[in-house]
Amino acid sequence: MERSLVLIKPVAMGTGRGGAIISRLEKMGLRVVGLKILRMDKALAHRHYAVHEGKPFFESLVNYMTSAPIMAIVFEGEGVVEAIRKEMGTTDPSKAEPGTIRADFGLDIRRNAVHGSDSVATAEEEIRLFFADDELFPG
Ligand code: IDP
Ligand code: MG
């Protein structure tokens, strides 16, 4: 079954939106098969965002993502990667479609409430960074 990694970013944890975001995704028929709260260290943030290394926003993104606890959640479902990307909205909350998670809960392009994997292959790599096999409970 297809899986995707969602991260509830510090801004959404700090404003108590974690449960609301999980609830929205569950209501779409997606199942939680792994979940943890953690504070990312720099090494994990560098690996997770490796594709952005060298971009002007990279260091501030790593600093932000390691500044406070986040939630990491693995969702499972048919077409889950695309379904979550659509429900999240585009990267910049001020440009995200009304009713999307980033439009509703994001503060700015960096503090945009959530991360969601952008492809099935990326999802599998990202999930491996955050979860051991015995921490996942596929349906
Ligand atoms: P995505 O999360 O929608 O896939 P990406 O372009 O992959 O967006 O960027 C990863 C993350 O980096 C974004 O979610 C956001 O937190 C941050 N980011 C992207 N572009 C910028 C920017 O121009 N300024 C600051 N942060 C950015
Ligand atoms: Mg991306």
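Read the figures in this text as sums done on the coordinates, not as results from a lab. Nothing here was measured: the structure is a model prediction, and the numbers come from that model. Virtual Cβ from ideal backbone geometry, glycine too; neighbours counted across all protein chains shown.
Details
- Cα-based Kirkwood hydrodynamic radius, segment 1-81, one decimal, Å: 13.6 Å
- Cα gyration tensor, segment 13-58 - rounded (a/c under 1.5), prolate or oblate: prolate
- Rounded, prolate or oblate (a/c below 1.5 giving rounded, otherwise prolate when a/b exceeds b/c) for segment 57-99 by Cα gyration tensor: oblate
- This ranking places T100, T90, T15 by how few other beta-carbon atoms lie within 10 Å of each, fewest first, which gives T15, T90, T100.
- When the P(r) of segment 6-139 is calculated, the portion above 23 Å amounts to 27% of the C-alpha pairs.
- Neighbour counts of other Cβ atoms within 10 Å put R110, R47 in the fewest-to-most order R47, R110.
- Over the chain: helical MRE at 222 nm, DSSP H runs n ≥ 4 each giving -39500 (n - 2.57), nearest 500: -10500 deg cm²/dmol
- For segment 72-130, convex hull volume per residue from C-alpha positions, Å³: 82 Å³
- Qualifying GluC sites (Glu not before Pro) for segment 52-133 [loop in DSSP, other Cβ within 10 Å: at most 15]: E53, E78
- Built amide H within the under 5 Å cut-off of N112, gap 5+: L107
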